[in-house]
Every structure is written in structure tokens, then in C-alpha cells.
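Novice: Got a structure for you, questions after.
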Amino acid sequence: MSKWKKLLFVIWIILNFMMILGISLYETGYTLEGYLPAHGEKALRYSPIIYTFPKDKPELMLYTFERSGGVTYYVLWKGENSGKPIIDQLYKYIRLLFYGSAEDIEPITVYPKNRTITFETYDHKRIWATFGVLTCSYGNIVIDNCVENRTHVRIYTATWNHAFSLLPQKSTIKVNLAMKPMSPSEYIRYAIFRRMNESIKDAVYRALIMATTLTILINLIGYYILFRQGIAEKIKSKIR
């Protein structure tokens with residue numbers, strides 16, 4: 001086999017693997033829709049406005065699209081700071097062990113079609129609220145001046161471990177966060193698989209094993225059909 005054929009074969013195997021890995025990640029909930037221009041504009045249009053404590057500012061906001069039509073925004077902090085160094089350091093190691101990353105990443109999902117927003121608040125309870133031009137509401141609670149420019153909901157950090165609230169919180173300030181679509185590597189790095197109550201290691205290993213197994217099977221079957229059965233030679237003879 002010539003060097004060029006070997007190189008093409010290696011490229012083909014890599015492309016096979018990446019394609020199957022992408023499908024495996026898609027099955028866990030990840031999509032590349034955020035990289036499409038129209039979807040990127042939609043994500044920017046409905047991005048929440050974050051208010052947080054001055055000494056605990058997040059670093060970045062990542063976004064990805066859900067199959068149900070929602071846009072999930074992941075607000076990223078370096079970590080969680082309770083003010084007790086020993087506890088914080090211990091918790092950091094625990095997060096590294098179970099999630100693969102010490103960073104704290106908190107999701108907020110917006111459903112533009114029915115103007116609904118959801119996130120976790122105190123005691124990990126989930127809030128589902130609707131938002132209008134200026135107000136937000138959930139249950140019997142109505143919050144005025146909750147929306148800016150008709151589509152950007154104001155979200156406040158309420159606790160040291162970054163529980164959110166629609167109610168204005170004392171001492172919080174508005175932060176301007178850089179935004180970008182979440183890449184596959186970030187999806188893995190920040191343990192987004194934990195949304196499914198599955199550990200990051202189990203989910204990644206499963207996706208990698210599936211991609212590797214299918215890549216080998218597809219290429220072995222393809223080799224058998226094309227070369228062992230003589231189909232490749234028949235195609236060549238017809239071309240000649």
C-alpha cells in the first residue's frame with residue numbers, strides 16, 4: 001500500500017470515529033445547532049442577564065440547543081466559595097473526582113416559543129416561570145421589571161453555591177458575560193452528562209467505546225464487501 005493510500009485510510013478511520021462519536025454525544029443530548037448562524041442569533045436574543053455578588057463573578061456563558069426547542073445557557077464559575085477554605089478545598093477535590101472539573105456550571109433553559117424559563121433555586125428546587133414584555137410569573141408570584149428589551153430575563157445569584165432567583169437580591173451587580181456555543185470538548189469537560197444522573201466517566205467511556213466498536217465493525221464489513229467479495233475490482237474494471 002502506497003503512502004498516500006495509507007494516509008487516506010487513516011483519515012477515513014478518523015472521520016468515521018468522529019462521526020460516530022458525534023452521534024453518540026447527540027444521543028446524550030448534545031447538538032451542534034448553536035454553531036449555526038440563525039441559532040446563534042436566537043441564543044443571543046434570549047440570553048438571560050446575570051446579577052451576582054461582586055466578589056463571585058462568573059467567567060463565561062456557554063449555550064446549546066435542546067431537542068425540545070429550548071436554549072440552555074450554562075453560567076460558568078471557577079468554583080464554589082462558601083467562605084470556609086478547608087471545606088471549599090475538600091469540595092473542590094470531590095467535584096474533580098466525580099465531575100472531572102472543579103468549575104461550577106449552572107444551567108438556565110429558555111423556551112422562546114412559549115416564553116418559559118427554568119432553573120434551580122434554593123434547595124435545588126426547580127422553578128418554571130413565564131415571561132412577558134416586562135414581567136415574570138410563576139405560581140401566584142408576579143415580578144415586575146423582570147425582563148429587559150422584551151426577551152432578556154434578569155436572573156439573580158441568591159446563594160454561595162449559585163442557586164438562582166427571579167427576585168432581586170441585595171448586593172448583587174449586573175455582569176456582562178462573554179457568550180459562545182458549547183463545544184463537544186466543553187460538553188465533556190464540564191460534565192454536562194450529569195444532567196442525566198450519570199457520572200461523566202461512565203458517559204464518556206460509553207460514547208468512546210461505542211464509537212470505537214462501530215468504527216471497527218463498519219470498516220471490517222466494508223472491507224469484506226468491497227475487497228473480499230471482489231466488488232472493488234468489478235467497479236475498477238467498469239471504470240476502465
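The values are calculated or read from the model by the stated rules, or taken from the named source; none is laboratory data. None of the values given here were measured: they were computed from a predicted structure. Here the Cβ is made from the backbone with ideal geometry for all residues, glycine too, and neighbour counts use every protein chain on show.
Novice: What are the residues in the stretch 139-153 that are at pLDDT 95 or above and assigned to a strand (DSSP E or B), if any?
Specialist: V142, I143, V147, E148, H152, V153
Novice: Could we say that E27 is in contact with a strand residue (DSSP E or B) (Cβ under 6 Å, 6 or more places away or on another chain) and modelled with pLDDT under 95 here? Walk me through how you get there before you give the answer.
Specialist: Values: in contact with a strand residue (DSSP E or B) (Cβ under 6 Å, 6 or more places away or on another chain): no; modelled with pLDDT under 95: yes.
Considered against the rule, which asks whether it is in contact with a strand residue (DSSP E or B) (Cβ under 6 Å, 6 or more places away or on another chain) and modelled with pLDDT under 95, E27 comes out as no.
Novice: Here's another thing I want to ask about it. For the subset of the stretch 166-181 comprising residues that are buried (at least 17 other Cβ atoms within 10 Å of the Cβ) and aliphatic (A, V, I, L, M), which member is nearest to R126 (Cα to Cα)? Even if it seems obvious, please write down each step before you answer.
Specialist: We begin by selecting, within the stretch 166-181, every residue buried (at least 17 other Cβ atoms within 10 Å of the Cβ); these are 166, 172, 175, 177, 181.
Still in the list and also aliphatic (A, V, I, L, M): 166, 175, 177.
Working: L166: 12, V175: 23, L177: 23 Å.
Out of the qualifying residues, it is L166.
Matching residues to (1) in a loop (DSSP other than H, G, I, E, B); (2) in contact (Cβ under 8 Å) with a residue 60 or more places away in the chain; (3) surrounded by 13 or more Cβ atoms within 10 Å (Cβ to Cβ):
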{"site": "I14", "(1), (2), (3)": "no, no, no"}
{"site": "T31", "(1), (2), (3)": "yes, no, yes"}
{"site": "N81", "(1), (2), (3)": "yes, yes, yes"}
{"site": "A102", "(1), (2), (3)": "yes, no, yes"}
{"site": "T118", "(1), (2), (3)": "no, no, yes"}
